[in-house]
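To keep things clear, I will list the structure first and then write my remarks on it.
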Amino acid sequence: DAKTTQPPSMDCAEGRAANLPCNHSTISGNEYVYWYRQIHSQGPQYIIHGLKNNETNEMASLIITEDRKSSTLILPHATLRDTAVYYCIVGSGGSNYKLTFGKGTLLTVNP
Amino acid sequence: ETGVTQTPRHLVMGMTNKKSLKCEQHLGHNAMYWYKQSAKKPLELMFVYNFKEQTENNSVPSRFSPECPNSSHLFLHLHTLQPEDSALYLCASSQEPLAGGWVRNEQFFGPGTRLTVL
């Protein structure tokens, strides 16, 4: 599976948009980009995934560049409860257990 | 109960003890996983069970012994652990695709068991 690179930490003001970047320059054509987050001392939680097109759900938006070498997770109105480690993962859709978690980005939302 | 549950939530054990961690999923999934998360380290996949059959063992020491009696239950039996085995142990489940099919890589995680080995 392709490797991802994320900044170790970011800060965001409450109510503002949080934009979390991820580089995945070695992504292959059939690999998806997945985002999970882990709130302190809890299990990770799925947020969103995408292949080529931008995606949006009730939690977040995912913007994938045209060359698919990078993506950005957007939390449109961050709250204090969004403080967590965010993981960007690249994997194929046919095999669920090929999810490799890196160190992720610790997002701290400040009041 | 909904989702993925794990018991106990906290466990303290000595190096000579034998204990078991339990995981139960109420989602009708057919694959279950054990992960280990040590302090300031990424999640490490330990074991994968697919349709009750172990399909992956990531070089985990034999002092960790998994058991999957059915698709809804997963156990991790612990014996003669070391202090460095202290960690958060997470269970997850997912729906594996049938032959030729595709599903998204969405794993549902339990809250974890915080294990301390003295």
How do the strands (runs of 3 or more DSSP E) wholly within region B:1-95 filter down when requiring 2 or more residues that are within 14 Å of another protein chain (Cβ to nearest Cβ) and within 24 Å of A:His40 (Cα to Cα): which remain? B:4-7, B:18-25, B:31-37, B:44-50, B:87-94
Among the residues of region B:1-30, which ones are of a type in the set (Ser, Thr, Tyr) and more than 14 Å from the chain's Cα centre (by Cα)? B:Thr2, B:Thr16
Identify the residue in region B:30-75 that is over 19 Å from A:Leu99 (Cβ atoms), in contact with a Cys (Cβ under 8 Å, 6 or more places away or on another chain) and modelled with pLDDT of 90 or more and, among all such residues, is surrounded by the fewest Cβ atoms within 10 Å (Cβ to Cβ). B:His73
Take the residues in region A:11-47 that are within 14 Å of chain B (Cβ to nearest Cβ) and of a type in the set (S, T, N, Q), then tell me which one is surrounded by the most Cβ atoms within 10 Å (Cβ to Cβ). A:Gln38
Please work out which residue is nearest to B:Asn50 (Cα to Cα), limiting yourself to region A:53-104 and to residues that are at pLDDT below 95 and hydrophobic (A, V, I, L, M, F, W, C). A:Leu99
For A:Gly102, are the conditions met, namely being under 28 Å from B:Asn30 (Cβ atoms), among the small types (Gly, Ala, Ser), facing chain B (nearest Cβ under 10 Å) and not in a strand (DSSP E or B)? yes
I'm trying to understand the selection: among the residues of region A:28-52, which are hydrophobic (A, V, I, L, M, F, W, C), over 24 Å from B:Lys36 (Cα atoms) and in contact with a Gly (Cβ under 7 Å, 6 or more places away or on another chain)? none
Just to verify a result, which residue in region B:79-116, among those that are aliphatic (A, V, I, L, M), surrounded by fewer than 21 Cβ atoms within 10 Å (Cβ to Cβ) and at pLDDT 95 or above, is farthest from A:Arg37 (Cα to Cα)? B:Ala87
Do you know which residues across region A:55-90 are outside any strand (DSSP E or B) and closer than 17 Å to A:Val109 by Cβ? A:Met59, A:Ala60, A:Pro76, A:His77, A:Ala78, A:Thr79, A:Leu80, A:Arg81, A:Asp82, A:Thr83
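The values are calculated or read from the model by the stated rules, or taken from the named source; none is laboratory data. On a predicted model such as this, the values are computed, not experimentally measured, just so you know. Every residue, glycine among them, receives a Cβ derived from its backbone with ideal geometry; neighbour counts consider all protein chains shown.
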